[in-house]
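A quick write-up on the structure given underneath.
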Amino acid sequence: MKPDSAPQALLDAIDADAMLREVQDWAAINTGTANIAGLDTMAGILADAFSALPGEVELVEPATVTAISGEGREFEKPHGRHMVLRVRPEAERRFVLTGHMDTVFPADHPFQEVSWLDDETINGPGTADMKGGLNVILHALKTFETIEGAERVGYDVMINSDEETGSLASRGLIEELARGKYAALTYEPSALPDGTLAHARGGTGNYSITIHGRSAHAGRNPQDGRNAIVAASDLVLRIAALAGDDITVNPAKIEGGSANNVVPDLAVLRFNIRPKSTEAMNRFDGELDRALASIKAEHEVGIHRHGGVTRPPKPVDAKAQRLFDLVKSCGAELGQTIGWQPTGGVCDGNNIAATGVPVVDTMGVRGGAIHSPDEFMIVPSLRERAALSARVLARLSTGDHL
Ligand SMILES: [Zn+2]
């Protein structure tokens, strides 16, 4: 007989010991975003693990990503492959579940091992962010597949290798998989160790502006030069003036320049913006273009614009709010109290929301101190969160509407 989707039955069906073992093994593999070999090992392990589910597993090549060097040259940045599982793609109602296999800890970082902090807490790289979350996806789906009604819906799982550096090599893939889905769940750790979810998020964008002037002797013929540092400084003041209540602008670095007796012909300006709304994001984009055009004309320099908003703001619309309400209601059925709060952080949930698909993006484990050597994961939350997701999917498959 098939186990039913009753909350307690879901909890009982989950193998918490297996979950913990897998998370310990996965966290022991270094998957810093630049560690292509480590990511490749991890992608293979994930592909094997997710093969236990119905559907096809595929490892997808990263999209080409370029950056600008301090000398103003564009170069390619290597990335790892992404894992995609497609289950019942013909189903009418389909979901997408996403996570990332990379961590912020490079291969030569001292924080590489998993240890116990107390009876129910482990400390280790990527335990909360988010190998624990990846494991929650796996076991939630294994449990979901055992219940009546699962066969009526389909889903895709996407695990990228570059979330921590902005998902530049997986952004297109995320958007492609999100489009047309009924709902999305992303497995970042909870916003607080008590399980509180992240609600609305602002967006973020990173820019590199290369300015090419003309060099000349600083004493002999400075009038023939076009000073790239002066032009970059003018630009800094103009973009800083675009900051407001709904957007922050942070000019972060100017590279380039030359010797004291030379009019510098090169400057690279790097800056970050954090728009709180789509309107602020679009307004900045237009203003930046206008500022670049006048700098170009007034300083007689060449300008190359690289980068832009990689994470659009994530407002919570009515449909997304209904998904939050459903998660809360499923939590209550399982004896879990679930709340939410806005956050300044960004994640792939921003990009999913931009496609118009409702998303809750902190469905992963309870934990904290992420991006630091104190990162911890609360072990009982593995089973708890897997049951929560299985219950949410069960209800979305058997009648609940958003
Ligand atoms: Zn993360």
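The values are calculated or read from the model by the stated rules, or taken from the named source; none is laboratory data. For clarity, every value in this text was computed on a predicted model and none was experimentally measured. All Cβ positions, glycine included, derive from the backbone under ideal geometry; neighbour counts span all protein chains shown. With ligands, DNA and RNA removed, areas are computed over all heavy atoms of the protein, side chains included. Shrake-Rupley method; radii C 1.70, N 1.55, O 1.52, S 1.80 Å.
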- Task: Counting only heavy atoms of the protein chains, get the accessible area per residue of the chain (1.4 Å probe) and round it to a whole Å² value.
- Result: 41 Å²
- Item | Degrees between helix 36-50 axis and first principal axis of the chain (Cα, 0 to 90, nearest 10) | 30 degrees
- Task: Mind pulling the per residue volume of the convex hull built on the Cα atoms of segment 160-220? Å³ is fine.
- Result: 192 Å³
- Could you work out the relative contact order of the chain, using alpha carbon pairs under 8 angstrom and six or more residues apart, expressed as a whole percent? 24 percent
- Determine the gain in length on full extension of the stretch T66-D325; use 0.36 nm per residue of separation and subtract their C-alpha separation, reporting nm with one decimal. 89.2 nm
- Note on the structure: Between the Cα axis of helix 278-299 and the main Cα principal axis of the chain, the angle (0 to 90°, nearest 10) is 20 degrees
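State which entries of K77/K319; K77/K328; K253/K319; K131/K181 exceed 29 angstrom in Cα-Cα distance in the structure shown.
K77/K319; K77/K328; K253/K319, as the Cα separations exceed 29 Å there.
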- Treating only Lys and Arg (+1) and Asp and Glu (-1) as charged, each at its beta carbon, one finds that the chain has a dipole about its Cα centre, in Debye to the nearest 20, of 1200 debye
- Considering only DSSP beta bridges with both partners in the chain, what is the antiparallel share in %, to the nearest 5? 75 percent
- Rounded tilt (10° steps) of 132-145 against the dominant C-alpha axis of the chain: 40 degrees
- Based on the Cα gyration tensor of segment 273-378, what are the three equivalent ellipsoid semi-axes, each the root of five times an eigenvalue, rounded to whole Å and given largest first? 39, 18, 9
- Express the carbon and sulfur contribution to the solvent-accessible surface of the chain as a percent, rounded to the nearest whole number, probe 1.4 angstrom. 50 percent
- So what is the relative contact order for segment 220-308, in percent, with contacts set as C-alpha pairs under 8 Å and at least six apart? 32 percent
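Hey, any idea what the orientation-averaged projected area of the convex hull of the chain's Cα atoms comes to, in nm²?
Working: hull surface 82.8 nm².
So the mean shadow area of the Cα hull is 20.7 nm².
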- From DSSP H assignment alone, runs of 4+ in the chain each adding -39500 (n - 2.57), the sum over residues rounded to the nearest 500 puts [θ] at 222 nm at -10000 deg cm²/dmol
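Mean separation of Cα pairs under 8 Å and 6+ residues apart, divided by the residue count of segment 1-113: what relative contact order is that in percent?
32 percent
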- Query: Can you give the Rg and Dmax of segment 1-110 based on its C-alpha atoms, in angstrom?
  - Reply: 18.4, 66
